[in-house]
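Undergrad: Provided herewith is a single structure, encoded as structure tokens, for subsequent inquiry.
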Amino acid sequence: MCGIVGYIGNREAYPILINGLKRLEYRGYDSAGVALFNGSLENFKKKGKVSDLEAFVAGKNHGGNIGIGHTRWATHGEPSDGNAHPHTSMNGVFSVVHNGIIENYARLKNDLSKHGYRFYSETDTEVLANLIEYFYLQNEEMTSEAAVQLALSKVVGAYGIAVLCKRENDKIVVARKGSPLVVGLGNNEYFIASDASPIAGYTSQVIYLNDEDIAILQHDGFTLKNVQNNPVSLKISNIDLEIGNLDKGDFDYFMLKEIYEQPLTIEETFRGRLQNDYSEIVLGGLLDIFPKLEAAERIIIIGCGTSWHAGLIGEYLIEEYAQVPVEVEYASEFRYRKPIIRSKDVVILISQSGETADTLAALHLAKSKGATVLGICNVVGSSLARETDAGVYTHAGVEIGVASTKAFTAQVTVLTMIALKLAKQKGTIDLKEYETLVKELSEIPEKGRLILESNEKIKQIAEKYYEATNALYLGRGYLFPVALEGALKLKEISYVHAEGYAAGEMKHGPIALVDDNLPVVVVAPQDAYYEKVVSNIQEVKARKGNVIAIVTEGDTGLKELANDVIEIPKSHPALAPLLAVIPLQLLAYHIALLKGCNVDQPRNLAKSVTVE
Ligand code: AGP
């Protein structure tokens, strides 16, 4: 999964490409490159981040009005200069950038080798570049787009590609299947990108390519058809995207900035949706579809990673208050395991980016079975937002840190609103409790601000434990998914092995891990499970484990028992995840920093997983 950009017009292409790549770095950041028509066809590529590419290109001739660019997340071949895109065909006729996976690349490579082709990288993309060139050189009449079409007809897998041909230096050919591509329509100029964010500052008119579409972009116009050479109907969309702020402000890392933004982003997410007297929740995006939600016999919530954790909280909320059976599924499992999906099911897909390949595949499956599909999504105009029947945006603003923080609390805020609204419509909640919950939800941002004041204390706790090689996170009820999320945060940014568990499950296995080296983070506010969680803490202490407890402010009992405590304000138990997760995010952040890790761009990961 990678990011693609391209430009053809009268401006200088290079700065547009570099700025676009910075916007797309969330899709991968292990190498980057650009190809430009600059008298000849120039390729610049470098292992590392887009900033490393910039440093490499500085001082070199990077002029030209036509170019393509790429930021990579390695699938075939390790991150290296040689495996970076663009890939040039053996005779130097084509430069190709690619997002996706060519599944039959080994067979194609073998066939091309028989025709004398040699390969200089380990990538599937180089095979595609050579395949295009092979067809192109077969026939003098052949155009580059025809060669692309022919090559793609032999390919099994997913692709979003942009192609430059040295002998036709007035065009870019782009095509997609499975991997998104957007074409921005300017004034005698065209922009290409994997999502609309790099385009947003230049034009509001875009075409989202559909699978098997191929577009030929030239200074004086463009042609759109499909890879079988049939014309396709043109749908121009207007995007109204805010160009998200890519500035860290006073913070050292985007992750810390985003953790601190949460009081505001939670507020943004419910702004205009909670009525002032707490009597109503208004979800405009679900207005037309709400009767289907009320009639649903079952709700299936689907997501990956952090979004899946938010989905688990959604399950607890919807089952408790709206009394509709809910199943929560990993998208990667759901899409392949032949699930039973009925037309009266409502499927809710959760995704920050709206571009996660598994989640989109699950969406397509659910849709094909006739279910109503709803989205909870942060990125306006993303594939998920466009392809669901209806949905609710999270309004968390652009999230840059690979470790999701503010998107999670925004997703939980939306799920809370959906659960409560559904419960009210169905008459399954006492109106007084409903109003109490809505009022308390509106008070969460203020309580979140108070938790952020513990940052220094959490840093000191991190200093005590950052050398541990394992950690256990425990929680019960609404706070079990929070334990999972806390463990995921620690794993992904500090590379410390961490397990999240339902506290009651500890005695069924994980307790064997407990010794005096193991930090055990227990989410233990004073709720209905409190006594039981205290017993779990006793069990850890009896085995010399080190307990870091997240407690309700003023809880003196746990202060005595735990090695360290972090206080959070009292809240309704159903809303506690929105608060309890904040200290866990900060703890992971400080541990990762102390270990010298790149908090915003951890190794091996990408912000959005656009391949399976
Ligand atoms: C979260 O910290 C992770 N980086 C990851 O699990 C993420 O939540 C997952 O890949 C899903 O992404 P999405 O919400 O954009 O679909």
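Undergrad: How far apart, in nanometres, would the label points at residue 229 and residue 298 be if each is projected 7 angstrom from Cα along the Cα-to-Cβ direction?
TA: Once both label points are built, they end up 4.7 nm from each other.
Undergrad: Once neighbouring chains are kept in place and the probe is 1.4 Å, which whole percent of the accessible area of the stretch 460-612 is contributed by carbon and sulfur? It would help to have the intermediate numbers written out before the result.
TA: Numbers: 2730 of 5690 Å².
Answer for the stretch 460-612: carbon and sulfur cover 48 percent of the accessible area.
Undergrad: Follow-up. Scale the Cα Rg of the stretch 1-140 by the rule-of-thumb value 2.2 N^0.38 Å and send over the ratio, two decimals.
TA: Values: Rg = 14.6 Å, N = 140, 2.2 N^0.38 = 14.4 Å.
My calculation over the Cα atoms of the stretch 1-140 gives 1.02.
Undergrad: Along each of its three principal axes, how wide is the spread of alpha-carbon positions in the chain, in whole angstrom units, largest first?
TA: 82, 53, 43 Å, listed from the longest principal axis down.
Undergrad: Taking a 32 Å limit on the Cα-Cα distance, which of the listed pairs 49/459; 166/607; 421/464; 406/439 fall beyond it?
TA: Details: 49/459 29 Å; 166/607 34 Å; 421/464 44 Å; 406/439 21 Å.
With Cα atoms farther than 32 Å apart: 166/607; 421/464.
Undergrad: Let me ask something additional. Can you work out the accessible area per residue across the chain, with the rest of the protein chains kept in place, probe 1.4 Å, in square angstrom? Display every interim value, and only then the final one.
TA: On the way: 23340 Å² over 612 residues.
Ligands and nucleic acids excluded, the result is 38 Å² per residue.
Undergrad: Of the heavy-atom accessible surface of the stretch 13-56 (probe 1.4 angstrom), what whole percent is carbon and sulfur? Provide the component values of the computation, followed by the final result.
TA: On the way: 700 of 1430 Å².
Result for the stretch 13-56: 49 percent of the exposed heavy-atom area is carbon or sulfur.
Undergrad: If you add up the charges near residue 341, with Lys and Arg at +1 and Asp and Glu at -1, over every other residue whose beta carbon is less than 15 angstrom from its beta carbon, what do you get?
TA: Cβ neighbours under 15 Å give a net charge of +3.
Undergrad: In the stretch 130-278, carbon and sulfur make up what percent of the accessible area (probe 1.4 Å)? Please list the in-between numbers first.
TA: Working: 2790 of 6720 Å².
Here it works out to 41 percent.
Undergrad: Can I ask one more? Is it possible to state the helix-based mean residue ellipticity at 222 nm for the chain, with each DSSP H run of 4+ residues giving -39500 (n - 2.57), the sum divided by total residues, to the nearest 500 deg cm²/dmol? What is it? Present the calculation step by step, with values, prior to reporting the outcome.
TA: Details: 18 runs with 219 residues, N = 612.
After summing the helix terms and dividing by the residues of the chain, the value is -11000 deg cm²/dmol.
Undergrad: While we're here: I need the phi-derived Karplus couplings for the stretch 218-233: 6.51 cos²θ - 1.76 cosθ + 1.60, θ = phi - 60°, integer Hz, Gly and Pro marked x.
TA: Coupling constants for the stretch 218-233: 10, 4, 9, x, 9, 10, 10, 8, 10, 5, 7, 6, 8, x, 10, 6 Hz.
Undergrad: Looking at 371, 381, 339, which one has the Cα that reaches farthest to the positive end of the dipole of the stretch 295-427 (charges on Cβ: Lys, Arg +1; Asp, Glu -1)?
TA: 371
Undergrad: A further question on this structure: Along the stretch 282-289, what does the Karplus equation 6.51 cos²θ - 1.76 cosθ + 1.60 (θ = phi - 60°) give for ³J(HN,Hα), rounded to whole Hz, x for Gly and Pro?
TA: 10, 10, x, x, 10, 3, 6, 9
Undergrad: Also: Roughly what would the spin-label model give for residue 425 and residue 508, points 7 Å off Cα along C-beta, in nm?
TA: Result: 3.5 nm between the two label points.
Undergrad: How high is the FRET efficiency from residue 450 to residue 237, r the C-beta distance, R0 41 Å, rounded to 0.05?
TA: Numbers: r = 43 Å, r/R0 = 1.04.
Efficiency computed from Cβ-Cβ geometry: 0.45.
Undergrad: How big is the antiparallel share of DSSP beta bridges in the chain, given as a percent to the nearest 5?
TA: Working: 61 of 101 bridges.
Close to 60 percent.
Undergrad: Roughly speaking, what is the stretch gain from residue 107 to residue 61, that is 0.36 nm per residue apart minus the C-alpha to C-alpha distance, in nm to one decimal? Write down the numbers at each step before the final one.
TA: Details: separation 46, 0.36 × 46 = 16.56 nm, distance 3.79 nm.
Between residue 107 and residue 61, full extension yields 12.8 nm more.
Undergrad: Show me the ranking of peptides 326-334, 559-567, 217-225 by mean Cβ neighbours inside 10 Å, starting with the highest.
TA: Packing proxy ranking, top to bottom: 326-334, 559-567, 217-225.
Undergrad: Using 0.36 nm per residue of separation minus the Cα-Cα distance, give me the extension gain between residue 264 and residue 319 in nm, one decimal. Let's see the in-between values first.
TA: Working: separation 55, 0.36 × 55 = 19.80 nm, distance 2.81 nm.
Gain on stretching residue 264 to residue 319: 17.0 nm.
Undergrad: Stick to the Cα atoms of the stretch 564-612, pair each with every other, and give me the Kirkwood hydrodynamic radius in Å at one decimal.
TA: Numbers: mean 1/r = 0.0747 Å⁻¹.
For the stretch 564-612, inverting the mean 1/r across all distinct Cα pairs yields 13.4 Å.
Undergrad: Ok, one more. What order, most packed first, do the peptides 275-281, 67-73 have when packing is the mean number of other Cβ atoms within 10 Å of each residue? Mind dumping the intermediate values first?
TA: Details: 275-281: 13.0, 67-73: 30.0.
Order by mean packing, descending: 67-73, 275-281.
Undergrad: Per residue of the stretch 189-196, what does 6.51 cos²θ - 1.76 cosθ + 1.60 with θ = phi - 60° give for ³J(HN,Hα)? Whole Hz please, x for Gly and Pro, Karplus curve as stated.
TA: Working through the residues one at a time gives 8, 10, 10, 10, 6, 6, 9, 6 Hz.
Undergrad: Which of 248/447; 344/447; 424/447; 109/367; 22/447; 338/424 have a Cα-Cα distance over 31 Å? Kindly include the intermediate steps, with their values, before the conclusion.
TA: On the way: 248/447 24 Å; 344/447 39 Å; 424/447 26 Å; 109/367 36 Å; 22/447 34 Å; 338/424 33 Å.
The answer is 344/447; 109/367; 22/447; 338/424.
Undergrad: Another question, if that's okay. Stretched out fully, how many nm does the piece from residue 467 to residue 342 gain, at 0.36 nm a residue minus the Cα gap?
TA: Residue separation times 0.36 nm, minus the Cα-Cα distance, leaves 40.0 nm.
Undergrad: Roughly what would the spin-label model give for residue 517 and residue 595, points 7 Å off Cα along C-beta, in nm?
TA: The answer from the label model is 1.4 nm.
The values are calculated or read from the model by the stated rules, or taken from the named source; none is laboratory data. Just so it is clear, the structure is predicted and the values come from calculations on it, not from any experiment. Here Cβ is always computed from backbone atoms with ideal geometry, including for glycine, and neighbour counts include all displayed protein chains. Areas reflect the complete protein model, heavy atoms only, side chains present, ligands, DNA and RNA absent. Shrake-Rupley method; radii C 1.70, N 1.55, O 1.52, S 1.80 Å.
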